[in-house]
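The values are calculated or read from the model by the stated rules, or taken from the named source; none is laboratory data. Since we're looking at a predicted model, the values are computed, not measured. A quick note on method: Cβ atoms are made from the backbone with ideal geometry, for glycine too, and the neighbour counts reach across all protein chains shown. Keep in mind that these areas ignore ligands, DNA and RNA; they rest on the heavy atoms of the full protein, side chains included. Shrake-Rupley method; radii C 1.70, N 1.55, O 1.52, S 1.80 Å.
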Amino acid sequence: MTASSRYRIAVAGAGLLGRLLAWQLLRDGHAVTLYDAGDLDTPPAAAWAAAGMVAPLAETVVGERCVYAMGRVALERWPQWLTELAAPQLWHQQGSLVVAHPQDENELTQFRRDLDDAIGEPGGYRALDAAGVQALEPGLTGFRQGLFLAAEAHLDNRELLGRLLAAIRELGGECHAHAPVEARPGEIETDAGRRAFDLVLDCRGHGARPRHPTLRGVRGETLHVHTDEVALSRPVRLMHPRYQLYVVPKPGGRFVIGATSIESEDRSPISLQSSLELASALTTLSPAFAEARILEQGVNLRPAFRDNLPHVTREDGLIGANGLFRHGYLLAPAVVDHVLAEIRGEGQRPFAAVLSAAAPQESLS
Amino acid sequence: MNTLNDAHDDALVLYGEAFTSRFLLGTALYPSPMVMQEAIAAAGCDMLTLGLRRQNPAGGDGEAFWQILRESGCRLLPNTAGCRSAREAITLAEMSRELFDTPWIKLEVIGDDYNLQPDPFGLLEAARELIDQGFKVLPYCTDDLVLCQRLREAGCQALMPWGAPIGTGRGLMNRYALGTLRERLDVPLIIDAGLGAPSQAAEAMEMGFDGVLLNTAVARARRPAQMAAAFARAIEAGREAFRAGLMERRQTASPSTPTLGQPFWHTGQQ
């Protein structure tokens, strides 16, 4: 394809990747049709349930080095995209804070060591004492130590998903909700029949499992609460020997606390055990959370390949992007850059070594 | 049961079945399934434990992950981690027997939420019931001699005493109690939980323990496969040392090179 061509492109899956790609391709002048199996205003996507953290340092501790490199792209791309979407206020680059209770301070030491080792150079964070934690987040109580990761950010993800959908519609994108599809090379099949396209993008996440024998869903549970008694300016990550949970502030006194990570494709409601863990972690950050109101209990499946890294597959007339696991907002910009470079026919596709590589064992299964 | 022959004269025998590796590995906490698969390969283990409690096992929703474990070719040892009563553990064991078509169960009944210490009373109750039902029970227990004797009497043909509380990496906290278990019990004993370093695993094997079960120390290492390989060698070294027979410690120094006939000027004066 060349940059000047105008193509008919179908995007299957209106989660984060699907919306970003649809929006960018419309801006490139293509005719885009977006399909989703669920609702578009409250989508059943992992991106809706997520907390919207963009934390390349903290996430690399539990992931691969390339997560850090791709995550740095996100720190550049998001403010730029949000400005283009006329919604720069959804981006918050206030850093993130990692804390542990006094009895679990070893966890903080381990985290710091893993961070140095994962990033390959010390730095990128500042160690805080009790006064330092208080100065940053007066809402927290009882922490003697913390780490401040100044470069990290978070965004108001639900508002962003709404803004993307509005932009897609404004640019003339055709949107189909409640329309489960089969994605094939150059063809989309729905209940209504088959429709030919020049290119099909499969961004269905866990919904694309039939096409990917090694793709699996990893259950994540979250609590959404509301309180006006506590204010946080940035995501706070609580290190605990058994649970590693985070709280992310959202507009209007809302907080998202997450997330469990269970190797199961169970979509049933949150378990009492998980609910207790999430809620007790929250109350130990500040007792004032005790009177917060539970607005929502989220459950979703994070799509993951066996290396828990994203991969892009390509055949004539069909590109699939999947496997963002727990790193949707962190890795989507790099994956979008990669797919757009492919469609625009640019020679250099960013992060090709990771993203263009086949998912491990995918061909053997 | 495999026939023991010269090549396998040091097999670990549990419930009449021989295993070539004395390294059992848990399957939680890895950064990704691929990293876990590499660790399994590096460990060279024959048995993997897996937790089911939180996966909604009755719905079969953990199938994608279980498939990865099956591909390892290792025997799967479902556990009852997260169960706090004998009844809960028994129900989960029954479910896991159906799901995995196996009578093997690593039995855990947790008595304390903070240090995840086994509940000896619930454990014994559940072990009795499951043995009656024909399960091959591997109970995760404390290092209490009388509890271990009762589990043995209940029909457990192998026991899994802790080295230290789960995930603490503290090693063999009570060598005296563990030494007593080794002297007094005639069944395979596998140190389960609390090991953090290969040296600790080697020490357990040198003491005559029959195997080691690890999870956190491998999964939470920065390079899990490399750590699994390190543990595998330590476990083999410890076993070799035990079979070779360790010397007794002595109070008096005894030179390994005979000093008779050495000239005086070698005794320290310059």
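Rundown of residues vs (1) away from chain A (no Cβ under 13 Å); (2) of a type in the set (S, T, N, Q); (3) under 20 Å from B:Thr216 (Cβ atoms); (4) open to solvent by less than 10 Å² (accessible area, probe 1.4 Å), yes/no style:
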{"site": "B:Gly16", "(1), (2), (3), (4)": "yes, no, no, no"}
{"site": "B:Ala42", "(1), (2), (3), (4)": "yes, no, yes, no"}
{"site": "B:Leu50", "(1), (2), (3), (4)": "no, no, yes, yes"}
{"site": "B:Thr80", "(1), (2), (3), (4)": "yes, yes, yes, yes"}
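Candidates A:Leu16, A:Leu34, A:Leu25, A:Leu97: the one that is out of contact with any strand residue (DSSP E or B) (no Cβ under 9 Å at 6 or more places or on another chain) and not basic (Lys, Arg) is A:Leu16. Against the condition open to solvent by 50 Å² or more (accessible area, probe 1.4 Å) and either touching a residue at least 40 places away in the same chain (Cβ under 8 Å) or closer than 25 Å to A:Leu324 by Cα (or both), how does A:Arg126 come out, does it pass? Taking the combined requirement at face value, the residue does not satisfy it.
In the stretch B:31-40 there is no residue that is more than 13 Å from chain A (Cβ to nearest Cβ), part of a loop (DSSP other than H, G, I, E, B) and open to solvent by 10 Å² or more (accessible area, probe 1.4 Å). Of the helices (runs of 4 or more DSSP H) lying entirely inside the stretch B:80-187, those carrying at least 3 residues that are within 24 Å of B:Arg70 (Cβ to Cβ) are B:86-100. For the subset of the stretch B:209-250 comprising residues that are at pLDDT 95 or above and assigned to a loop (DSSP other than H, G, I, E, B), which member is surrounded by the fewest Cβ atoms within 10 Å (Cβ to Cβ)? Ranking the candidates gives B:Asp210 first. Summed over the stretch A:172-222, residues that are assigned to a loop (DSSP other than H, G, I, E, B), open to solvent by 50 Å² or more (accessible area, probe 1.4 Å) and within 14 Å of another protein chain (Cβ to nearest Cβ) total 1. Flag: B:Ile90 matches the condition of being modelled with pLDDT of 95 or more and buried (at least 19 other Cβ atoms within 10 Å of the Cβ). Count of the stretch A:241-273 residues, restricted to those that are away from every other protein chain (no Cβ under 11 Å), open to solvent by less than 40 Å² (accessible area, probe 1.4 Å) and within 23 Å of B:Asn215 (Cβ to Cβ), is 2. Remark: pairs (first residue in the stretch A:51-70, away from chain B (no Cβ under 11 Å) and under 20 Å from A:Gly220 (Cβ atoms); second residue of a type in the set (Ser, Thr, Tyr) and open to solvent by less than 20 Å² (accessible area, probe 1.4 Å); Cβ separation under 6 Å; 6+ apart in sequence or on different chains) = A:Gly52/A:Tyr329; A:Val54/A:Tyr329; A:Ala55/A:Ser96.
Every residue in the stretch A:85-104 that is open to solvent by 70 Å² or more (accessible area, probe 1.4 Å) and assigned to a helix (DSSP H, G or I), please. The answer is A:Pro88, A:Gln89, A:Gln103.
Screening the candidates A:Leu282, A:Leu295, A:Leu276 for the property of being touching a strand residue (DSSP E or B) at 6+ places or on another chain (Cβ under 6 Å), open to solvent by 30 Å² or more (accessible area, probe 1.4 Å) and of a type in the set (A, V, I, L, M, F, W, C) yields one hit, A:Leu295.
Do the conditions hold for A:Tyr7, that is, is it of a type in the set (Phe, Trp, Tyr), modelled with pLDDT of 90 or more, over 24 Å from A:Glu265 (Cα atoms) and surrounded by fewer than 17 Cβ atoms within 10 Å (Cβ to Cβ)? Judged against the criteria, A:Tyr7 is a match. Number of residues in the stretch B:181-208 that are over 18 Å from B:Ala230 (Cα atoms) and open to solvent by less than 30 Å² (accessible area, probe 1.4 Å): the value is 7.
Looking at the stretch A:296-307, can you tell me whether even one residue there is within 14 Å of chain B (Cβ to nearest Cβ) and small (Gly, Ala, Ser)? Taking every residue of the stretch A:296-307 in turn, at least one turns out to be within 14 Å of chain B (Cβ to nearest Cβ) and small (Gly, Ala, Ser). Residues in the stretch B:113-132 that are among the charged types (D, E, K, R) and over 22 Å from B:Tyr15 (Cβ atoms) were compared, and the one that is farthest from the chain's Cα centre (by Cα) is B:Asp113. Checked against (1) buried (at least 24 other Cβ atoms within 10 Å of the Cβ); (2) closer than 29 Å to A:Tyr243 by Cβ, B:Thr142 meets all criteria but (1).
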